[in-house]
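Handing you a structure now.
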């Protein structure tokens, strides 16, 4: 499986709350106050940056339109990346708009909108060092200095791919490329969209990852999250979001990019990413990894949700049978330690939210994504030594079979 799949969550979830602590939704409260508080890092172009004229970027344009359509005004709330999940959980802002990467560990503190962009982590080096670092392994060497933004997704990527290198964690991401041009670092780990603005004396190496970007909504604001998704779908349908991507990302929009397909694949990937910790939590409790009663409850629930989404229940059940088969294979691989904080109850609650979102994504994709696209998407997104290729093909076929009913 590619980098982010089968994520071990054990050390990532301090202070995890129970489902009872998630309070009632607050969309009505937002409308009463008339303000949408938007968390922003202010240092991550082209998603958001501060200029002499103020904030600008893809995410700035996006939340300004969202707020207008919600009848709210925007209040930007700056944050530093190491504070992201803590401040979202504390309620410092309602939604985060800073090119946030969709990651399973972040689902315990907030929910993601549909993805609106796809980028990749890239290393930028001086042109004269391009040949030296052409092979990825050359960067993962003792004595190599890599600058990367502290606390964000790219810092995790750097630790995963370059454990032998010396990482310089920056509190000011706007200084990232300067560290390389001044020879204070050998490379900067950036984002393919951000790297478009790198100085001309730097060269960008091939992408290490494929990352989806989404708005990140506080966990107790479920109605707000649903409304954001509805508006993003409207912007996709009227072409305005496509134009915004072209304006801010340029040629960093992947060929054949389908927002409807990406939304479905993102939710499937979340399910896969969470399963190692489900298996670890079961082992810690001494529970059997196969739980037929829980599987039956999950299937019954998604059938009910499918009816509410006007999706064919039999096709949805067939899909979840394949997803459950994949989940059991991942859980049975005893390669991840038990998490001291990701309880089985909390994991199941998060997966339940993923299932709801996946069904909504499938409803939006119905009639817009064809079988060949699902096959291509699954093959591109998921590479695993654990999941048999035949099973992944069955997952793709089952995704393609889900359709609306009258």
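The values are calculated or read from the model by the stated rules, or taken from the named source; none is laboratory data. A quick note: this is a predicted structure, and the numbers were derived from the prediction, not measured. Neighbour counts run over all protein chains shown; Cβ positions are idealised from the backbone, glycine included.
Could you pull out the residue among 98, 111 that is in a strand (DSSP E or B), touching a strand residue (DSSP E or B) at 6+ places or on another chain (Cβ under 7 Å), in contact (Cβ under 8 Å) with a residue 40 or more places away in the chain and farther than 24 Å from residue 176 by Cα? Can you show your working first?
Working: 98 fails: farther than 24 Å from residue 176 by Cα.
After applying the criteria, what remains is 111.
Picking from 300, 266, which residue would you name as being in contact with a strand residue (DSSP E or B) (Cβ under 8 Å, 6 or more places away or on another chain), in the same structural domain as residue 377 (by TED's automatic domain parsing) and assigned to a helix (DSSP H, G or I)? Don't jump to the end; show me each part of the working.
On the way: 300 fails: in contact with a strand residue (DSSP E or B) (Cβ under 8 Å, 6 or more places away or on another chain).
The conditions single out 266.
Kindly check whether there is at least one residue in region 237-247 that is under 17 Å from the mean Cα position of the chain (by Cα) and more than 23 Å from residue 172 (Cβ to Cβ). Before the answer, list the steps.
The first filter runs over region 237-247 and keeps only residues under 17 Å from the mean Cα position of the chain (by Cα), leaving none.
No: region 237-247 contains no residue that is under 17 Å from the mean Cα position of the chain (by Cα) and more than 23 Å from residue 172 (Cβ to Cβ).
Out of curiosity, is residue 179 closer than 27 Å to residue 403 by Cβ and either surrounded by 22 or more Cβ atoms within 10 Å (Cβ to Cβ) or outside the structural domain of residue 112 (by TED's automatic domain parsing) (or both)? Give the steps one after another, and end with the answer.
Details: closer than 27 Å to residue 403 by Cβ: no; either surrounded by 22 or more Cβ atoms within 10 Å (Cβ to Cβ) or outside the structural domain of residue 112 (by TED's automatic domain parsing) (or both): yes.
Taking the combined requirement at face value, the residue does not satisfy it.
Separate question: Mind checking which residues of region 392-403 are out of contact with any strand residue (DSSP E or B) (no Cβ under 8 Å at 6 or more places or on another chain) and either modelled with pLDDT under 95 or surrounded by fewer than 17 Cβ atoms within 10 Å (Cβ to Cβ) (or both)?
Here is the first cut: in region 392-403, the residues out of contact with any strand residue (DSSP E or B) (no Cβ under 8 Å at 6 or more places or on another chain) are 392-401.
393, 397, 401 - these are the residues of region 392-403 that are out of contact with any strand residue (DSSP E or B) (no Cβ under 8 Å at 6 or more places or on another chain) and either modelled with pLDDT under 95 or surrounded by fewer than 17 Cβ atoms within 10 Å (Cβ to Cβ) (or both).
OK, next. Condition first: part of a strand (DSSP E or B) and within 20 Å of residue 212 (Cα to Cα). Now tell me which residues in region 144-169 satisfy that. If you could, list the steps in order and put the result at the bottom.
Here is the first cut: in region 144-169, the ones part of a strand (DSSP E or B) are 145-149, 166-169.
Within region 144-169, 148, 149 meet the criteria.
Within region 211-223, is even one residue in contact (Cβ under 8 Å) with a residue 12 or more places away in the chain, part of a helix (DSSP H, G or I) and not assigned by TED's automatic domain parsing to the domain that holds residue 136? Walk me through how you get there before you give the answer.
Kept after step one, since they are in contact (Cβ under 8 Å) with a residue 12 or more places away in the chain, are these residues of region 211-223: 211-223.
Subsequent filtering for residues that are part of a helix (DSSP H, G or I) retains 222-223.
From the residues that got through so far, the ones that are not assigned by TED's automatic domain parsing to the domain that holds residue 136 too are 222-223.
Within region 211-223, one or more residues are in contact (Cβ under 8 Å) with a residue 12 or more places away in the chain, part of a helix (DSSP H, G or I) and not assigned by TED's automatic domain parsing to the domain that holds residue 136.
Right, here's the next one. Only residues that are farther than 14 Å from residue 211 by Cα and surrounded by fewer than 23 Cβ atoms within 10 Å (Cβ to Cβ): list them for region 95-105, please. Write out each step before concluding.
Just the residues of region 95-105 that are farther than 14 Å from residue 211 by Cα, to begin with: 95-97, 105.
105 - this is the single residue of region 95-105 that is farther than 14 Å from residue 211 by Cα and surrounded by fewer than 23 Cβ atoms within 10 Å (Cβ to Cβ).
Is it true that some residue in region 326-346 is buried (at least 21 other Cβ atoms within 10 Å of the Cβ), within 18 Å of the chain's Cα centre (by Cα) and either outside the structural domain of residue 268 (by TED's automatic domain parsing) or under 26 Å from residue 217 (Cα atoms) (or both)?
No, because not a single residue in region 326-346 is buried (at least 21 other Cβ atoms within 10 Å of the Cβ), within 18 Å of the chain's Cα centre (by Cα) and either outside the structural domain of residue 268 (by TED's automatic domain parsing) or under 26 Å from residue 217 (Cα atoms) (or both).
What's the number of the only condition in (1) buried (at least 18 other Cβ atoms within 10 Å of the Cβ); (2) touching a residue at least 40 places away in the same chain (Cβ under 8 Å) that residue 75 fails to meet?
Condition (1) is where residue 75 drops out.
Checking the conditions here, which among 255, 206 is surrounded by fewer than 19 Cβ atoms within 10 Å (Cβ to Cβ) and in contact (Cβ under 8 Å) with a residue 12 or more places away in the chain? Walk me through how you get there before you give the answer.
Values: 255 fails: in contact (Cβ under 8 Å) with a residue 12 or more places away in the chain.
None of the other options fit; the residue is 206.
Determine which single condition residue 276 fails, assuming it passes every other condition in (1) in contact with a strand residue (DSSP E or B) (Cβ under 9 Å, 6 or more places away or on another chain); (2) assigned to a helix (DSSP H, G or I); (3) farther than 17 Å from residue 353 by Cβ.
The single condition residue 276 does not satisfy is (1).
Of the residues that make up region 376-384, is at least one over 23 Å from residue 236 (Cβ atoms), exposed (fewer than 14 other Cβ atoms within 10 Å of the Cβ) and either without any contact (Cβ under 8 Å) to a residue 12 or more places away in the chain or within 21 Å of the chain's Cα centre (by Cα) (or both)? Explain how you work it out, then say what you get.
Filtering region 376-384 for residues over 23 Å from residue 236 (Cβ atoms) gives 379, 382-384.
If we keep only those that are exposed (fewer than 14 other Cβ atoms within 10 Å of the Cβ) as well, we get 379, 383.
Next, only the ones that are either without any contact (Cβ under 8 Å) to a residue 12 or more places away in the chain or within 21 Å of the chain's Cα centre (by Cα) (or both) stay: 379, 383.
Within region 376-384 (the criterion being over 23 Å from residue 236 (Cβ atoms), exposed (fewer than 14 other Cβ atoms within 10 Å of the Cβ) and either without any contact (Cβ under 8 Å) to a residue 12 or more places away in the chain or within 21 Å of the chain's Cα centre (by Cα) (or both)), the answer is yes, since at least one residue qualifies.
Now a separate question. When only residues in region 379-391 that are touching a helix residue (DSSP H, G or I) at 6+ places or on another chain (Cβ under 7 Å) and modelled with pLDDT under 95 count, which is farthest from residue 254 (Cα to Cα)? Spell out the reasoning first.
First pass over region 379-391, keeping only residues touching a helix residue (DSSP H, G or I) at 6+ places or on another chain (Cβ under 7 Å): 381-382, 386-387, 391.
Still in the running and modelled with pLDDT under 95: 381-382, 386-387.
Numbers: 381: 13, 382: 17, 386: 28, 387: 26 Å.
Within region 379-391, the match that is farthest from residue 254 (Cα to Cα) is 386.
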